[in-house]
1. Looking only at the range 330-379, how many residues end up being surrounded by fewer than 20 Cβ atoms within 10 Å (Cβ to Cβ) and assigned to a loop (DSSP other than H, G, I, E, B)?
2. Answer yes or no as to whether residue 58 is at pLDDT 80 or above and within 23 Å of residue 282 (Cα to Cα).
3. Of everything in the range 410-421, what is crowded, with 24+ Cβ neighbours inside 10 Å and within 19 Å of residue 282 (Cα to Cα)? Give them in sequence order.
4. For the structure I just gave you, tell me whether residue 422 is touching a strand residue (DSSP E or B) at 6+ places or on another chain (Cβ under 6 Å) and closer than 26 Å to residue 150 by Cβ.
5. From 475, 485, 457, 452, which residue is assigned by TED's automatic domain parsing to the domain that holds residue 537 and either at pLDDT 90 or above or on the phi > 0 side of the Ramachandran plot (or both)?
6. Checking the conditions here, which among 62, 158 is touching a helix residue (DSSP H, G or I) at 6+ places or on another chain (Cβ under 6 Å), closer than 30 Å to residue 408 by Cβ and crowded, with 24+ Cβ neighbours inside 10 Å?
7. Restrict the check to the range 481-501 and report whether at least one residue is outside any helix (DSSP H, G or I) and under 21 Å from residue 581 (Cα atoms).
């Protein structure tokens, strides 16, 4: 009889922490000390950080202005959001390159949600935006503190692609009036498209030319090098054209001089009813922020090859939103394009982000007059470039070709965000992503494995070589976590496999290498399956259950005792050698 196997040695779970900052106990607070993203910095890194900081500022200035205008805020509010996000992340984040600030992905979300509660640009609107920033920041920060980085995986790639496509449509529709020199439109996206189409004959060619010129400048600059500040170059040229050719007199709308000064810190005023109304919107935006922050953090890993600390980066970005809300701005987000700029420019640490923040802050505090002749169409051109940039055409094509069912998720999510209120569309996208994951898990069926000829390997049936079955032995696998969503399908499928065998099955081996979890409902289904096998005269054994959580579940639900620890094996081959039909006569008494 085979010797009962003991559980494999407990392995250290994978984490998102840097190796040098791993917590060794619940009382180790070293990973949470401030200025983590500046650790190891030396004066020799200053030159690279200086170049990266100047490049980042050149990219951020026009982008932050345009994003603020997209949300219905004065351009300087975008500067303050960038400064708050950059400084807070440098203090509390971990990634050396990540740039946090105003972001065009979430701006349409909260702008659409806030517009339902207050008139865009009104004092009430501004106060609600600041309160929303505090709420989003608190949710994201607490998610990092309690290590909820897994929340970032709630959105599948197709749903995320559809979400970004819908956001891109919102950006394009919102910026077309500024590009064409038409009056700003409000209301539902579909209605705004109709009104813009009806007013096309009123297009101002000078505005259109300026906007397309800025768009073309940014587009060409990026094709040459991402480090070229195409948006800044385009806006300088457009502003110069307004001043030199007197385009104000030709109907070109400009920003006008911005007020100089620094924002005052303070809690925004919002009634309890306002806060309650903002809760669903805050949760939706927080999820989007976590998804984008995790993607950015993982895409730009530390230089030493350490794993990204997603949870710590949540704390940094969340703190940025809290600081932004306290200074009268709006929620911030991690920016993949700006983070790429810092990385590609040779930035060594968050010193680059702090230098960029200092430049932007100086412009907001003292340089408002320099921006008086910036045309609205130039900002529209910048945002149109952003919109086409977040449309993932390659993902569209790949999903359409490789997974048509999931391509439908892209279209449904995109349509929901465009046609419905934007926060409703995002909620539908998140729901679709979760339902798709659950549906995928429910489609798993137990499969009968076959022995690869001449080996001890058991494999799913198929080409190129036909496998073998041993008389009286059924080896089955279930290639998914075992939970309430698929418990009944598991039970019925395995029972059918046992009953379908023409000869009497004497041994059933569950190959469990892919079963990483077993919940209560699934445990009951497994018990019923074991009972059925015993009534059919077969011994039930488990092989290759490698998951520590699944092993613990076997013990917790009493399944290990029901089966008997002597019938849990490291391999299918070991189970058959110990319990196969040739061995059963001498151990028949021990199977009951």
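1. 3
2. Working: at pLDDT 80 or above: yes; within 23 Å of residue 282 (Cα to Cα): no.
For residue 58, the condition - at pLDDT 80 or above and within 23 Å of residue 282 (Cα to Cα) - is not met.
3. The one that is crowded, with 24+ Cβ neighbours inside 10 Å and within 19 Å of residue 282 (Cα to Cα): 417.
4. Numbers: touching a strand residue (DSSP E or B) at 6+ places or on another chain (Cβ under 6 Å): no; closer than 26 Å to residue 150 by Cβ: yes.
For residue 422, the condition - touching a strand residue (DSSP E or B) at 6+ places or on another chain (Cβ under 6 Å) and closer than 26 Å to residue 150 by Cβ - is not met.
5. Numbers: 485 fails: either at pLDDT 90 or above or on the phi > 0 side of the Ramachandran plot (or both); 457 fails: either at pLDDT 90 or above or on the phi > 0 side of the Ramachandran plot (or both); 452 fails: either at pLDDT 90 or above or on the phi > 0 side of the Ramachandran plot (or both).
The match here is 475.
6. Numbers: 62 fails: closer than 30 Å to residue 408 by Cβ.
Unique residue meeting the criteria: 158.
7. Quick first cut of the range 481-501, residues outside any helix (DSSP H, G or I) only: 481-486, 501.
After this cut, where a residue has to be under 21 Å from residue 581 (Cα atoms) as well, the list is 501.
Within the range 481-501 (the criterion being outside any helix (DSSP H, G or I) and under 21 Å from residue 581 (Cα atoms)), the answer is yes, since at least one residue qualifies.
Here is a yes/no grid of residues against (1) in the same structural domain as residue 79 (by TED's automatic domain parsing); (2) buried (at least 22 other Cβ atoms within 10 Å of the Cβ); (3) touching a helix residue (DSSP H, G or I) at 6+ places or on another chain (Cβ under 7 Å):
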{"site": "249", "(1), (2), (3)": "yes, no, no"}
{"site": "260", "(1), (2), (3)": "yes, no, yes"}
{"site": "274", "(1), (2), (3)": "yes, no, yes"}
{"site": "277", "(1), (2), (3)": "yes, no, no"}
{"site": "296", "(1), (2), (3)": "yes, yes, yes"}
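The values are calculated or read from the model by the stated rules, or taken from the named source; none is laboratory data. For clarity, every value in this text was computed on a predicted model and none was experimentally measured. Glycine also receives a Cβ, built like all others from the backbone with ideal geometry; neighbour counts cover every protein chain displayed.
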